[in-house]
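The values are calculated or read from the model by the stated rules, or taken from the named source; none is laboratory data. It should be emphasised that the depicted structure is a prediction, and the values quoted were computed from it without experimental measurement. Cβ atoms come from the backbone with ideal geometry, glycine included; neighbour counts cover every protein chain shown.
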Amino acid sequence: MRIKLLSFLVAAGCAAMAGQSAMAAGVTDQMIENDAKSTGDVLSWGVGPQGQRYSPLKTVNTGNVNKLVPVWSFSFGGEKQRGQESQPIVHEGKMYVTASYSRIFALDAKTGAKLWKYEHRLPDGIMPCCDVINRGAAIYDNLVIFATLDAQLVALNKDTGDVVWKEKIDDYAAGYSASAAPLIAGGLLLTGVSGGEFGVIGRVEARNPKTGALVWVRPVVEGHMGKKYDANGNASDNGVSGTTGKTWPGDLWKTGGAATWLGGTYNPKTGLAYFGTGNPAPWNSHLRKGDNLYSCSTVAIDVKTGQIVWHYQNTPNDGWDFDGVNEFVTYDDGGQVLGGKADRNGFFYVNDAKTGKLVNAFPFVKKVTWATGIDLKTGRPNFVPENRPGDPTAGADGKKGNTVFAAPSFLGGKNQMPMAYSPDTKLFYVPANEWGMEIWNEPITYKKGAAYLGAGFTIKTLNDGPIGALRAIDPKSGKIVWEAPNNAPLWGGVLTTGGNLVFWGTPEGYLQAADAKTGKILWKFQTGSGVVAPPITWEDKGEQYVAVASGWGGAVPLWGGDVAKKVNYLEQGGSMWVFKLAK
Ligand SMILES: [Ca+2]
Ligand SMILES: [Ca+2]
């Protein structure tokens, strides 16, 4: 009896200690800020909050990458396939990967064995614009946290998959959704919103990652009031964003769009979070004369105060759906912190990451019709007025403006697929696409939950050649150092490594690796469906692993017009692939 009691006490003691050690093994801010350097894990979207997607690992390198072989593959299962745009998280031998339809899986990173799964129950009537995708989870303390298509955040215990907290971001019936990976910055969980085609209000929200409680909210449409919250959840005003009515006519700012749908990056040196903002709403630019701040911009927010420190607008008074959401990737240039962004509008921008001052801007695609260049003195584009879709009120019947042919198409010189930056080669690796569109404007009025475009369009190919190209770009000279063309439009992200390698996937199903200096393709593997997700890498016991999700989908099959027809032979799927060197 006494022995039994003792063993019970010992067991209870062990359980308590196990609880403590589990807590001690929780993910900290310091670990996330150091993520780019720590090679045994991947703790943030971007392989480091700066978003460089660079790993110093060189176990796999140009000399042996041709010996990469699959270790395991895991099916996301069911009939729920469609686009898989997720970047996994890897921590202490476990992989956390989100999948289409707001699902998340925990897998043994060595074997692919399933540890747990959470499937979010989605209501009827969600309105994701561009497929039922998700781009990944955040990890913090003992939680994995991801956003759902019905505009909620769910935090799960990383070991059990139990829901710890759930918070609603906004009303899915008004067009809000969420698909970006949350960003951990300065002890806060930062998220944006999707829904720019429905006249939502773009904003960045900061929460306590452990509880989900709001800390501040910063709208990114001029005229809207920022909020901050005390420990009891009471809101108070935190200053209007910009000056009401300054760059918007009438009441259009009230449904102004600028959705922050791709999430953000963070640089601990500047203390700033960088969020890109989407198109102003509606698409018909003649209804909203002015710059329409802060749409189609990079917005830098002080994470401590929730205030906008600087903004840089890539496309003032956008008329082409050139969402400026693409990731702002910061890097060191001789002691100065700069940031690069390959915008949907076809130009690559380099800004000072502390002040936003434009340092360089140049096209990274071959055909750009809407502007002849970016004036480095004023920071503004030199527009080509006749290449803006025409004003419907100037048309013969007032119902349709002049149709123009525009390049890039609204699917962009680059879209959601994240680029990489190598501090070794000092090059950006940009998944670019060459395509155009016919676009025209129509009258439109706002109606809650209805598409708010005032435009019609057809995506067109520019020629019979390849649409995609992985381009190595020198941010200083603006030169394309090398390119690897691809027939289908590229839609996955990029990873670069200390092994002088660049990894990226293709809609044709390949994960491939090239020499980072020359672009020579050294290895490829067919994953069985199109790759529209960014690869990652990590090491465990001296072995380097490379992983990517496979599963064709995203915006191209849904919105791609003539290009969608060209690639309609591609098959859907839904699986995770992991590789290492053959022994
Ligand atoms: Ca790491
Ligand atoms: Ca848009």
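In region 316-355, which residues are within 16 Å of ligand 2 (Cβ to nearest atom) and without any contact (Cβ under 8 Å) to a residue 60 or more places away in the chain? Result: N317, D318, G324.
Results for (1) closer than 29 Å to K520 by Cα; (2) outside any loop (DSSP other than H, G, I, E, B); (3) more than 16 Å from ligand 2 (Cβ to nearest atom), shown as yes or no for each residue.
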residue: S38; (1), (2), (3): yes, no, yes
residue: Q50; (1), (2), (3): yes, no, yes
residue: K58; (1), (2), (3): yes, no, yes
residue: T62; (1), (2), (3): yes, no, yes
residue: V71; (1), (2), (3): yes, yes, yes
residue: K80; (1), (2), (3): no, no, yes
residue: M95; (1), (2), (3): no, yes, yes
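In this structure, is V384 of a type in the set (V, I, T) and over 29 Å from D131 (Cβ atoms)? Yes.
Table: residues versus (1) in contact with a Cys (Cβ under 7 Å, 6 or more places away or on another chain); (2) small (G, A, S).
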{"position": "T270", "(1), (2)": "no, no"}
{"position": "A273", "(1), (2)": "no, yes"}
{"position": "A281", "(1), (2)": "no, yes"}
{"position": "K304", "(1), (2)": "no, no"}
{"position": "Q313", "(1), (2)": "yes, no"}
{"position": "V329", "(1), (2)": "no, no"}
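Just a yes or no: is a residue in region 259-275 within 16 Å of ligand 1 (Cβ to nearest atom), of a type outside the set (A, V, I, L, M), closer than 26 Å to A420 by Cβ and in contact with a helix residue (DSSP H, G or I) (Cβ under 9 Å, 6 or more places away or on another chain)? Yes, there is a match, as at least one residue in region 259-275 is within 16 Å of ligand 1 (Cβ to nearest atom), of a type outside the set (A, V, I, L, M), closer than 26 Å to A420 by Cβ and in contact with a helix residue (DSSP H, G or I) (Cβ under 9 Å, 6 or more places away or on another chain). Does T496 satisfy the condition of being under 23 Å from T369 (Cβ atoms) and of a type outside the set (A, V, I, L, M)? Judged against the criteria, T496 is not a match. Taking the stated definitions as given, is L358 in contact (Cβ under 8 Å) with a residue 12 or more places away in the chain and surrounded by 17 or more Cβ atoms within 10 Å (Cβ to Cβ)? The answer is yes for L358.
In the set T496, T461, only one residue is polar (S, T, N, Q), modelled with pLDDT of 95 or more and over 19 Å from the mean Cα position of the chain (by Cα); that residue is T461. For region 71-105, a tally of residues being within 20 Å of the chain's Cα centre (by Cα), among the charged types (D, E, K, R) and surrounded by fewer than 24 Cβ atoms within 10 Å (Cβ to Cβ) returns 2. Is it the case, given these coordinates, that S285 is closer than 23 Å to D323 by Cβ and among the small types (G, A, S)? When the stated conditions are applied, S285 passes them. Going by what's in this entry, would A472 be described as at pLDDT 95 or above and within 16 Å of ligand 2 (Cβ to nearest atom)? No; evaluated as a whole, the condition is false for this residue.
Counting only strands (runs of 3 or more DSSP E) that sit wholly inside region 510-583, those with at least 2 residues that are farther than 18 Å from P489 by Cβ, within 16 Å of ligand 1 (Cβ to nearest atom) and more than 24 Å from the chain's Cα centre (by Cα) are 536-540, 543-550.
For region 451-458, does any single residue satisfy the condition of being without any contact (Cβ under 8 Å) to a residue 12 or more places away in the chain and under 27 Å from M127 (Cβ atoms)? Looking through region 451-458, none of the residues is without any contact (Cβ under 8 Å) to a residue 12 or more places away in the chain and under 27 Å from M127 (Cβ atoms). Residues considered: D321, D291. Of these, the only one that is more than 19 Å from the chain's Cα centre (by Cα) and charged (D, E, K, R) is D291. Where strands (runs of 3 or more DSSP E) sit wholly within region 387-452, those with at least 1 residues that are within 16 Å of ligand 1 (Cβ to nearest atom) and under 29 Å from R135 (Cα atoms) occupy 420-422.
If you go through region 386-408 one residue at a time, do you hit one that is in contact (Cβ under 8 Å) with a residue 12 or more places away in the chain and under 24 Å from the mean Cα position of the chain (by Cα)? Checked against the condition, which is being in contact (Cβ under 8 Å) with a residue 12 or more places away in the chain and under 24 Å from the mean Cα position of the chain (by Cα), region 386-408 yields at least one hit. The set of residues in region 222-263 that are touching a strand residue (DSSP E or B) at 6+ places or on another chain (Cβ under 7 Å) and closer than 17 Å to A151 by Cβ comprises G257, A258, A259, T260, W261, L262, G263. Name the single residue that is farthest from G412 (Cα to Cα) among those in region 287-301 being among the hydroxyl-bearing types (S, T, Y) and assigned to a loop (DSSP other than H, G, I, E, B). Per the stated criteria, the residue is Y294. Restricting attention to region 240-256, the residues that are touching a Phe, Trp or Tyr at 6+ places or on another chain (Cβ under 8 Å) and either hydroxyl-bearing (S, T, Y) or without any contact (Cβ under 8 Å) to a residue 40 or more places away in the chain (or both) total 4.
Only residues that are within 22 Å of W440 (Cβ to Cβ) and either without any contact (Cβ under 8 Å) to a residue 40 or more places away in the chain or exposed (fewer than 15 other Cβ atoms within 10 Å of the Cβ) (or both) were counted across region 363-385, and they come to 4. Kindly indicate the residue of region 24-36 that is outside any loop (DSSP other than H, G, I, E, B) and farther than 19 Å from Y54 by Cα and also farthest from ligand 1 (Cβ to nearest atom) among those meeting that condition. Once the filter is applied, the top-ranked residue is A24. Anything in region 437-453 that is buried (at least 23 other Cβ atoms within 10 Å of the Cβ) and either of a type outside the set (A, V, I, L, M) or at pLDDT below 95 (or both)? List them, or say none. Within region 437-453, N441, Y452 meet the criteria.
Scanning region 352-363 for residues that are over 19 Å from the mean Cα position of the chain (by Cα) and either within 10 Å of K414 (Cα to Cα) or not hydroxyl-bearing (S, T, Y) (or both) turns up D352, K354, G356, K357, L358, V359, N360, A361, F362, P363. Of all residues in region 410-458, those being closer than 21 Å to L558 by Cα and among the acidic types (D, E) number 2. V47 meets the conditions (1) crowded, with 21+ Cβ neighbours inside 10 Å; (2) farther than 24 Å from G212 by Cβ; (3) more than 16 Å from ligand 1 (Cβ to nearest atom) in every case but one. The failed one is (3). The set of residues in region 209-249 being among the polar types (S, T, N, Q) and crowded, with 21+ Cβ neighbours inside 10 Å consists of S241, T247.
Determine which member of the set L293, L358, L272 is under 14 Å from G257 (Cβ atoms) and more than 16 Å from ligand 2 (Cβ to nearest atom). Just a single option satisfies the conditions, and that option is L293. Hey, any hits in region 131-138 for a residue that's surrounded by fewer than 24 Cβ atoms within 10 Å (Cβ to Cβ) and in a strand (DSSP E or B)? Checked region 131-138: no residue is surrounded by fewer than 24 Cβ atoms within 10 Å (Cβ to Cβ) and in a strand (DSSP E or B). For first residues located in region 184-212 and within 16 Å of ligand 1 (Cβ to nearest atom), partners that are of a type in the set (S, T, N, Q) and lie 6+ apart or on another chain with Cβ distances below 8 Å form the pairs I184/S44.
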